[in-house]
1. Going through segment 154-172 one residue at a time, which ones are among the β-branched types (Val, Ile, Thr) and either within 11 Å of the ligand (Cβ to nearest atom) or within 15 Å of VAL357 (Cα to Cα) (or both)?
2. What do you reckon, is VAL72 under 26 Å from the mean Cα position of the chain (by Cα) and either buried (at least 18 other Cβ atoms within 10 Å of the Cβ) or farther than 25 Å from PRO331 by Cβ (or both)?
3. Whether any residue in segment 71-90 is in contact (Cβ under 8 Å) with a residue 12 or more places away in the chain, among the aliphatic types (A, V, I, L, M), within 18 Å of ILE139 (Cα to Cα) and within 16 Å of the ligand (Cβ to nearest atom) is what I want to check.
4. Consider THR512 carefully, then state whether it is in contact (Cβ under 8 Å) with a residue 24 or more places away in the chain, surrounded by fewer than 24 Cβ atoms within 10 Å (Cβ to Cβ) and out of contact with any Lys or Arg (no Cβ under 6 Å at 6 or more places or on another chain).
5. Considering only residues that are in a loop (DSSP other than H, G, I, E, B) and of a type in the set (Lys, Arg), look in segment 453-506 and name the one that is farthest from the chain's Cα centre (by Cα).
6. So for segment 519-527 (the condition being within 30 Å of ARG255 (Cβ to Cβ), over 28 Å from the mean Cα position of the chain (by Cα) and crowded, with 23+ Cβ neighbours inside 10 Å), does at least one residue qualify?
7. Hey, could you check segment 132-153 for residues that are out of contact with any Pro (no Cβ under 7 Å at 6 or more places or on another chain) and either aliphatic (A, V, I, L, M) or within 13 Å of the ligand (Cβ to nearest atom) (or both) and say which is farthest from ASP308 (Cα to Cα)?
8. Give, as residue ranges, the strands (runs of 3 or more DSSP E) completely inside segment 182-277 that count at least 3 residues that are charged (D, E, K, R), in contact with a Leu (Cβ under 8 Å, 6 or more places away or on another chain) and closer than 28 Å to GLY415 by Cβ.
Amino acid sequence: MAPTELPPPLPSKKRRIGVMTSGGDAPGMNGAVRAVVRMSIAQNCEVYAIYEGYEGLVQGGDMIKEMGWDDVRGFLSEGGTLIGTARCKSFMERPGRLIAAKNMIVKGIDALIICGGDGSLTGADKFRKEWPGLLEELIQKQELTEEQVEPFKHLNIVGLVGSIDNDLSMTDATIGCYSSLGRICESVDYIDATAFSHQRAFVIEVMGRHCGWLALMAGVSCGADFVFLPENPPPLDWEDDMCKIIKKHRELGKRKTIVIVAEGAHDRYLKKISPAHVRDLLTNKLHLDTRITTLGHVQRGGTACAYDRMLSTLQGAEAVKAVLEATPETPSPVICMIENKIVRRPLLEAVKQTHEVAEAIAAKDFDRAMSLRDAEFAEYYQAYQITTAANQPQLLLPEEKRLRVGIIHVGAPAGGMNAATRAAVAYCLARGHTPVALHNGFPGLCRHHDDEPLGSVREVTWLDAESWASKGGSEIGTNRGLPSDDIETVAMCFAKYKIQALFIVGGFEAFTSVSELRKAREHYSAFKIPMVILPATVSNNVPGTEYSIGSDTCLNALIQYCDACRQSASSSRRRVFVIETQGGASGYIATIAGLSVGALAVYTPEEGINIKMLDRDIDHLRETFAKDKGQRNAGKIILRNEKASKTYTTEIIAGMIREEARGRFESRVGVPGHFQQGTTPSPMDRVRAARFGVKSLQHLEKFAGMSKDDIADDPMSAAVIGIKGAKVLFSAMEIVEKKETDWKDRRPKDEFWMGLKEIVDTLSGRSKFLK
Ligand code: ATP
């Protein structure tokens, strides 16, 4: 056979990168494709979409198409994958991969970015390993000549994990898993209401053949009574164990029962645990009116949540960087996320470790299966166990180690505050501590507690807090007032109510409060107690952490608002929305929402706004509208943080755009205001609140039995819990206050997300106008 005719070599020797989505679709895949396409073009590469996964690679021809900048417009707000995905049998076999290799060379592609699950990444890894042999075979069979093959000697593969199951080892989150969890939690929340009304039990089956992440996280988020996970089967006597726990919950007054079963759940002998079996037990042994709900494909559906849009965008951009930095010696990477940090890990190793989980399960080595999941998974499991089952006598501490723990909310409400409190209360009760809610913040505490019908200082029972996992707002009430407003009374109340440890949940005011209490220790011994602040604010501006609970809920509310505006702008054509975000003096919310919705420009307080900037952005708008051919979701969004500029207000910017557009396009203002606090907290805020709540209490507990002076001398006795890079840790307030806090602007001195602004600008095409 005569060798194939290849297209002429590219004059500029531009790299050609292929991007595909493969395996089961996952929300966020479109965001990854958009980021890869635009980042590749911004880096002066050519980029091709391979339609229908490996099927497109094997079929070649029109299934491999060059993508332009505008071809991915509107991708971020679409569910599924717009370039298609398929399960491709022929790629499983070498002959299929041989054709795929030829098609890549014919199209001039030597780098592949694949967004898929572990199957897709296994295939990718095999493809790269076989690549030299495949090229030799193509030459031998005279399908291609040596000269034709020469420039393609090295195949670059980069993996992006797109999978709703979150089943890949070495990453905390896969693209799609939080959207899927969101869908599950939404469904369970609906079911919860009917279960409560009728005092019913529901057994809910969720996806996850070898991975219980969705089941576990749904259990933590929704406060399920029992969960069944493949990698950690229940004890041998699970039937009795489950019935005992549920019976206890009912005796304590709980009106509903939720059991979550992963589809791959089994007992310690690998015998399947089916929802029907669980239902029969609840019906026959506990006489509960029990129903089964199998959530099925709704778990895949819908648009991506804020986190998945951000994750896919950042990972897509990082994948292009990885391609450009790769040398023939570099092992193929997979782009991962550890806590808050995008990292590259060897693809081979990640896939191997993932398979080992399934192997460990098959060998009934469940300890190993759990240990192969990341540390975060085990922590969530522990948080789940400790915060769910009432009455765990084995966890009780001796009398002298038990504390009266004050729990207080300070500042504006934020999603997850209640989930954190529920976890803290449940932890306290499990260990024998006494959880005491200090209602309505410090002013509530000072405003005479004795005058209120129930008092503002109340011990919380398991049942009080039980239903708080999914509740928005603040069940114990929150207030912006600081201890310094009446420090004397605060100290008096702490002494009167024998508060021995303080768990404080809130934003910058909460942070300030702990700082004030710590400093006041000098005068008031009532404050010589351990204190932890769990940052909770939509603004994510608390020093000592890169993530405050509530900020994810806010982002989800904001992108929902932006999507609605974009749709309206798109339908009316030639319209731009200038949307004002919250965030105080921190541009975090505006920037991350900008990444997640593909905003044309983001204005932050850190950067400010000036006339040149606006002039260039209006030029950018003119060009974008001139090119607009009526693509889907083509409405434009500009985000402006509420404090970005005193002069250039949201209305003024919208007015300037209108004026300068001279009728070619128009502008509208959107101010979501308090809508940004969200209604129901996002699953990410709920699970992190539970995990950090438990960790905070574990930290406080370490000080039990110590003298007041020893406590005060220990810098860690007033601490902030937070995520810093790839770690969750406690930082001493005295250090964070001095070294990490910009007190004037009420935000951290170093804001980790500042570098992300450049990605927003690059992917919106704004960067070239800023030069
Ligand atoms: P999900 O997590 O949604 O199941 P996945 O990527 O694991 O996604 P798979 O169906 O396992 O989904 O794999 C997708 C495609 O990847 C397969 O149809 C096949 O073309 C290719 N593939 C999977 N495993 C291999 C393998 N061992 N060798 C070659 N190709 C493979």
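1. Here is the first cut: in segment 154-172, the ones among the β-branched types (Val, Ile, Thr) are 157-158, 161, 164, 171.
Within segment 154-172, VAL161, ILE164, THR171 qualify.
2. yes
3. From segment 71-90, those in contact (Cβ under 8 Å) with a residue 12 or more places away in the chain are 71-88, 90; that's our starting set.
With the extra rule that they be among the aliphatic types (A, V, I, L, M), the set shrinks to 72, 76, 82-83, 86.
Next, from what is left, pick out any that are within 18 Å of ILE139 (Cα to Cα): none.
There is no residue in segment 71-90 that is in contact (Cβ under 8 Å) with a residue 12 or more places away in the chain, among the aliphatic types (A, V, I, L, M), within 18 Å of ILE139 (Cα to Cα) and within 16 Å of the ligand (Cβ to nearest atom).
4. Numbers: in contact (Cβ under 8 Å) with a residue 24 or more places away in the chain: yes; surrounded by fewer than 24 Cβ atoms within 10 Å (Cβ to Cβ): yes; out of contact with any Lys or Arg (no Cβ under 6 Å at 6 or more places or on another chain): yes.
Taking the combined requirement at face value, the residue satisfies it.
5. We begin by selecting, within segment 453-506, every residue in a loop (DSSP other than H, G, I, E, B); these are 453-456, 460-461, 467-477, 480-482, 486, 497-500.
Narrowing further to those that are of a type in the set (Lys, Arg): 471, 480, 498.
Numbers: LYS471: 19, ARG480: 27, LYS498: 38 Å.
Restricting to residues being in a loop (DSSP other than H, G, I, E, B) and of a type in the set (Lys, Arg), the top hit is LYS498.
6. Filtering segment 519-527 down to residues within 30 Å of ARG255 (Cβ to Cβ) leaves none.
Taking every residue of segment 519-527 in turn, none turns out to be within 30 Å of ARG255 (Cβ to Cβ), over 28 Å from the mean Cα position of the chain (by Cα) and crowded, with 23+ Cβ neighbours inside 10 Å.
7. Per the stated criteria, the residue is ILE139.
8. Qualifying strands (runs of 3 or more DSSP E): none found.
The values are calculated or read from the model by the stated rules, or taken from the named source; none is laboratory data. Small disclaimer: the values here were computed from a predicted structure and weren't measured. FYI the Cβ positions are ideal-geometry reconstructions off the backbone, even for glycines, and counts take in every protein chain you see.
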